[in-house]
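Okay, so here's the structure we're looking at.
What follows is calculated from the coordinates using simple rules that are stated; it is not laboratory data. The model shown is predicted, which means the values in this text are computed figures rather than measured ones. Every residue, glycine among them, receives a Cβ derived from its backbone with ideal geometry; neighbour counts consider all protein chains shown.
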Amino acid sequence: TKGGIVLPGSAQEKPQQGEVIAVGGGISLQSGERAPLEVKVGDKVVYAKYAGTEVKFNGEEFVILSEKDILVVLG
């Protein structure tokens with residue numbers, strides 16, 4: 001570009017979208033208590049392309065994400 005900025009191909013890729021099918025027990029706080037998660041089963045979410053860990057289970061592919069990796073909850 002004229003300004004000398006070059007974006008790698010990975011930076012130009014669009015985020016991924018998925019549906020929450022399960023959630024954990026919440027986030028452990030320093031006090032030892034658990035804070036509930038803000039997402040719930042059935043929510044549609046958008047997450048960064050390389051966020052999380054991809055796993056296969058019973059022939060299906062899933063992505064395990066931390067709640068902090070979710071960019072937006074669509075509903």
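Could you pull out every residue, at least 5 positions away or on a different chain, whose amide H is within less than 5 Å of the one on Ile27? Hs are placed 1.01 Å off N in the peptide plane, and Pro or chain starts have none.
Counting only residues 5 or more places away or on other chains, the set is Ala35, Leu37.
For the range 44-54, what does the Karplus curve 6.51 cos²θ - 1.76 cosθ + 1.60, with θ = phi - 60°, yield as ³J(HN,Hα) per residue in whole Hz, taken in order and with x for Gly and Pro?
Karplus-based 3J(HN,Hα) across the range 44-54 equals 8, 10, 10, 9, 4, 3, 9, 6, x, 10, 7 Hz.
Points 7 angstrom from Cα along the Cβ direction at Ile64 and Gln30: gap in nanometres?
So the label points at Ile64 and Gln30 sit 2.7 nm apart.
Would you kindly derive the ³J(HN,Hα) couplings of the range 36-43 from the backbone phi angles with the Karplus curve 6.51 cos²θ - 1.76 cosθ + 1.60 (θ = phi - 60°), listing them in order in whole Hz, with x for Gly and Pro?
Per residue, the Karplus-derived 3J(HN,Hα) values read x, 6, 8, 8, 9, 4, x, 5 Hz.
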